[in-house]
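Student: Take a look at this one; I'll ask things after.
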Amino acid sequence: MKVKYFSQSGFINYQYSADGEEITATINGQTDTFDFSKMRNGTATQFETVLPYCPVIKAERVDGELTVHLITWYWGAANYENRLEGEAEL
């Protein structure tokens, strides 16, 4: 799984972790898990969540390879080093 980060200004405390094709996001103390393991080739842009903000912009699978686009809040205390747009493996 590839992850692309997109910066957004905000005082949001957040953290991401991954297990296989699941991403667990914690935002301001609330946690939710996004499971992409059953996603077929294509793009998804709508995600249900209990979080105050949905951190997933979109997920896309092309030829079996999954890429998830996540928001990073660059004033967030947890991940200040991710304030620039970029790619990473979770």
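The values are calculated or read from the model by the stated rules, or taken from the named source; none is laboratory data. Just so it is clear, the model here is predicted, and its values are computed rather than measured. No Cβ is skipped: glycine too gets one built from the backbone with ideal geometry, and neighbour counts run over all protein chains shown. Surface areas here come from the heavy atoms of the whole protein model, side chains and all, with no ligands, DNA or RNA. Shrake-Rupley method; radii C 1.70, N 1.55, O 1.52, S 1.80 Å.
Student: Name the single residue, out of those in region 20-43 being within 14 Å of the chain's Cα centre (by Cα) and loosely packed, with under 15 Cβ neighbours inside 10 Å, that is nearest to Ser9 (Cα to Cα).
Tutor: Thr31
Student: Could you list, in sequence order, the residues of region 1-21 that are closer than 16 Å to Leu66 by Cα and not in a strand (DSSP E or B)?
Tutor: Those that are closer than 16 Å to Leu66 by Cα and not in a strand (DSSP E or B): Met1, Gly20, Glu21.
Student: Can you report the number of residues in region 18-37 which are among the hydroxyl-bearing types (Ser, Thr, Tyr) and at pLDDT below 95?
Tutor: Total meeting the criteria: 0.
Student: Which of the residues that make up region 22-45 are in a loop (DSSP other than H, G, I, E, B) and either over 12 Å from Leu66 (Cα atoms) or touching a strand residue (DSSP E or B) at 6+ places or on another chain (Cβ under 6 Å) (or both)?
Tutor: The answer is Asn28, Gly29, Phe36, Met39, Asn41, Thr45.
Student: Name the pairs whose Cβ atoms lie under 6 Å apart, with the first residue in region 1-14 and open to solvent by less than 60 Å² (accessible area, probe 1.4 Å), the second charged (D, E, K, R), and 6 or more positions between them or separate chains?
Tutor: From residues that are open to solvent by less than 60 Å² (accessible area, probe 1.4 Å), the pairs are Met1/Glu21; Ser7/Arg83; Ser7/Glu85.
Student: Sort out which residues of region 56-84 are farther than 13 Å from Lys2 by Cα, modelled with pLDDT of 95 or more and not hydrophobic (A, V, I, L, M, F, W, C), and write them in order of number.
Tutor: Asp63
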